[in-house]
Amino acid sequence: MLGTDIIVMEEHARFGLPEINVGVLPDAGTIKLPRRIPYHIAVEFLMTGRWMDAAEAKHWGLANHVVPQGAGLAKARQIAQHLVDGPPLLFPAIKQLLRHSEMLSEHEAFELHDSLHAVQKVLRSEDLKEGARAFSVKRKPVWQGK
């Protein structure tokens, strides 16, 4: 869950870092969880091994969607289809910019923006022109990944 970008949880699902209960350091959880939720909430989960249900995970921003039991795969496929229909060059650019700028100031992030390979690829792409053309005539773009 801490290594995923879009999270769909079924309402019966639970999340936890119970390693403390067996004397093991939750390495990845200790690093990643406080970057996703408030520090004091992360510390409680790391130090107690307490589990959170899907509603609480959504409350703290750990889940994008909570759906009824049995509906998780359908929701994930719906999101995946939306992504498949989207501009393919933008997804790596978004991910690259997110990863490289997460610890930078806003000013530093904007300075970094143009130097990233995936961003440069988008800025030189035919898809960028296609998106503008489609918008101007109010039609759906036809992405080529070029």
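Listed values, structure above:
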quantity	calculated
Any hit, region 111-127, residues being over 25 Å from T4 (Cα atoms) and surrounded by 15 or more Cβ atoms within 10 Å (Cβ to Cβ)	yes
Residue within region 88-102 that is farther than 28 Å from K32 by Cα, without any contact (Cβ under 8 Å) to a residue 40 or more places away in the chain and either of a type in the set (S, T, Y) or in contact with a His (Cβ under 9 Å, 6 or more places away or on another chain) (or both) present	no
Failed criterion for G61 (all others in (1) under 29 Å from P26 (Cβ atoms); (2) loosely packed, with under 15 Cβ neighbours inside 10 Å; (3) outside the structural domain of P18 (by TED's automatic domain parsing) hold)	(3)
Candidates M47, M9, M1, filtered to the one that is of a type in the set (A, V, I, L, M) and closer than 30 Å to H117 by Cα	M1
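So that you can scan it fast, the table gives a plain yes or no per residue for (1) closer than 29 Å to F45 by Cα; (2) more than 18 Å from the chain's Cα centre (by Cα); (3) in a loop (DSSP other than H, G, I, E, B); (4) modelled with pLDDT of 95 or more:
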{"residue": "Q69", "(1), (2), (3), (4)": "yes, yes, yes, yes"}
{"residue": "A76", "(1), (2), (3), (4)": "yes, no, no, yes"}
{"residue": "K95", "(1), (2), (3), (4)": "yes, no, no, no"}
{"residue": "F110", "(1), (2), (3), (4)": "no, yes, no, no"}
{"residue": "V122", "(1), (2), (3), (4)": "no, yes, no, no"}
{"residue": "L128", "(1), (2), (3), (4)": "no, yes, no, no"}
{"residue": "A134", "(1), (2), (3), (4)": "no, yes, no, no"}
{"residue": "K140", "(1), (2), (3), (4)": "no, yes, yes, no"}
{"residue": "Q144", "(1), (2), (3), (4)": "no, yes, yes, no"}
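The values are calculated or read from the model by the stated rules, or taken from the named source; none is laboratory data. What you see is a predicted model; the values in this text were computed from it and never measured. In this analysis, Cβ positions are derived from the backbone assuming ideal geometry, glycine residues included, and neighbour counts consider all displayed protein chains.
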